[in-house]
Structures are given as structure tokens and as C-alpha cells.
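Worksheet: one structure, shown below.
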Amino acid sequence: MRDGYMRDDPVFVAWQAGRIELDGRDETAWRGLVREATARGVAVRRARIVSEPLSDYTRFEYEITSDHNIAAGEDVRWLARRHATDLALPGNDFWLFDGSTLLVNHFDGGGNWLDSELVTDDAAVKLCAEAFDAVWHRAIPHLDYRPA
């Protein structure tokens, strides 16, 4: 839900210099994890809520999504922030696993990752699941999304 993350990420820095380098250790490991999960029948969905016009970092994410996320098996959708005004959204990015566990990611003001927190509180899980579903149904699939 942020307009920028870890701006010192070597893949982002390379993209800023005009190169796309998606074969670093972390990127390759992530794609392998997603491929293994989707091969078992697990749906891996990612919804991105973005400001338009896109920040440099979000343009980077948009440009690598097909070769990185989609190629690994993720289903990615985009929702312009202006279309999320009436949605109740959690204050932090999260991953929801099996409808019962949240992995909440905490970032500093500059978008640098600080830590993660596992949350199983029923109320928090329910809020995040409902928020994700609301965004998912309104968001545009990656192949159809054209940033403003």
C-alpha cells in the first residue's frame, strides 16, 4: 500500500540505471517459492493499491510484474488509491495465509523494512481478509491495468 519500498534494493537501483536484473538470490528464491506453492494448488494473489501517477518505485514494480510475479504464478491486481476511498483498509501491508494467519510487515517512513509480526487474532484476520477481498474485487488484473 506504500508508494515506495526499500529504495536501496539492488534490483530497483539497477532498474533506475536502465537495467532489469531479476535473477538475484532473493528474487530467484521468491519465484521458486511461489512456483512450488502454485504447483500444489495454492492461489497466490497480490493486490497493489497505488497512487497515480505512479511513483518511480511503483513504475518499477509495474514493469517487472509480468517477468517476476506473473511468471512465478502470482495473480496480481492493481487498484488506484483514488478508487479505494470508501474501503476500510488496515494500516500495514500484510500477507494472509489460509484465512487464519497474518504476516504483518512493518516499514519505516522511508519504506525500509523493519520487521514482521505473525498475527492470529480473529478480529484482525477478519478485518484484513475482508479488506483484501474488497480491494481484489475492485482492482484491475495486471494484464489489463494501464497506469494513469
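The values are calculated or read from the model by the stated rules, or taken from the named source; none is laboratory data. This is a predicted model, so every value here is computed, not measured. Using ideal geometry, Cβ is built from the backbone for each residue, glycine included, and neighbour counts are taken over all protein chains shown. What goes into the accessible areas is simple: the full protein's heavy atoms, side chains included, and nothing from ligands, DNA or RNA. Shrake-Rupley method; radii C 1.70, N 1.55, O 1.52, S 1.80 Å.
A few comments on the model shown:
- Candidates ALA124, ALA17, ALA84, ranked by Gaussian network fluctuation over the chain, Cα under 10 Å, top entry: ALA17
- The phi-based Karplus calculation (6.51 cos²θ - 1.76 cosθ + 1.60; θ = phi - 60°) puts the 3J(HN,Hα) values of the range 76-86 at 10, 10, 10, 10, 5, 3, 5, 9, 10, 4, 8 Hz, whole numbers, x for Gly and Pro.
- Residues in the range 119-148 reached by a label modelled at ARG45 [backbone nitrogen below 19 Å; 7 Å Cα→Cβ]: 124-145
- In the chain, Cα pairs under 8 Å separated by at least six residues give a relative contact order of 27 percent.
- Each DSSP beta bridge with both residues in the range 12-141 is either parallel or antiparallel, and the antiparallel ones are about 70%.
- Of all accessible heavy-atom area on the chain, the percent that carbon and sulfur account for (1.4 Å): 52
- Taking amide hydrogens as placed 1.01 Å from N in the peptide plane, the amide H of GLU74 sits under 5 Å from that of no residue at least 5 positions away in sequence or on another chain.
- Near LEU79, the amide H atoms lying under 5 Å from its own belong to ARG48, ILE49, VAL50, ILE140; only residues 5 or more places off or on other chains count, and H is placed 1.01 Å from N.
- Among 109-117, 128-136, the peptide with the highest mean count of other Cβ atoms within 10 Å heads the list, and the full ranking is 128-136, 109-117.
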